[in-house]
1. What residue, among those in segment 129-164 that are more than 18 Å from GLU118 (Cα to Cα) and among the charged types (D, E, K, R), is surrounded by the most Cβ atoms within 10 Å (Cβ to Cβ)?
2. Would segment 43-61 turn up any residue that is under 26 Å from SER150 (Cβ atoms), small (Gly, Ala, Ser) and at pLDDT 70 or above?
3. Where in segment 95-169 are the strands (runs of 3 or more DSSP E), entirely inside, with at least 3 residues that are touching a strand residue (DSSP E or B) at 6+ places or on another chain (Cβ under 9 Å) and more than 16 Å from LEU74 (Cα to Cα)?
4. What tally of residues in segment 74-94 results from selecting those that are part of a strand (DSSP E or B) and among the β-branched types (Val, Ile, Thr)?
Amino acid sequence: MFRVPLLVALCLTIAFGGGILFTLSALDATAGFGAIKLGAWEAFPALQTADADPYAKSHRARAGKLLYGTAEGLTFSATVDDAGERLSAACSYRLTGQTPPARLWTLFTADARGEPLEAGTGLPSALNSWTVLRNPDSSFTVMLSRQARSGNWLALPSSDSFRLVLTLFDTPTAGSSGLIDLTMPQLEKTGCGNA
């Protein structure tokens, strides 16, 4: 007597639960279409515009973050180095070069969702264009490792995986034109373990 309603309830639970899990995994898989990839760095210039694709809009709504307008800024992230290997906090990296023109930029380590990671109390986990030490030609070098380094240094978190987030504020590169001609800082692995 209760067998048929129980089977119907079970089927509906599986269908709705599976649909919700599939949707959440699809949203976590990508931030949208139209990515610009420059070396290790990736950005989605249309992510915060009205022309964004439905996946980007859903991703934006789920994250609940206030995103920058087209003229306000552009966020690049790197999950791999220039050789294409996944970033690992057990290794050390060197970030060299210059950023595209911007009034201000910030660089920090983040988790898979883009939330900032703390490396430890008193350890530097972020840099910006006002605090970075520059070479005479305006380029800079930032060392990323768990061990302290001289000069510009970002302490890596205790978790194994991380991503680098570089945000350019008030930049002409935030517009859709000229993105392909940008030069981004190079990210190379210098060693793993105690190397």
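The values are calculated or read from the model by the stated rules, or taken from the named source; none is laboratory data. Predicted model only: the values in this text are computed from it and were never measured. Using ideal geometry, Cβ is built from the backbone for each residue, glycine included, and neighbour counts are taken over all protein chains shown.
1. Looking at residues that are more than 18 Å from GLU118 (Cα to Cα) and among the charged types (D, E, K, R), I get ARG134.
2. So far as segment 43-61 goes, no, none of its residues is under 26 Å from SER150 (Cβ atoms), small (Gly, Ala, Ser) and at pLDDT 70 or above.
3. The qualifying strands (runs of 3 or more DSSP E) are 140-145, 152-155.
4. Final tally of qualifying residues: 2.
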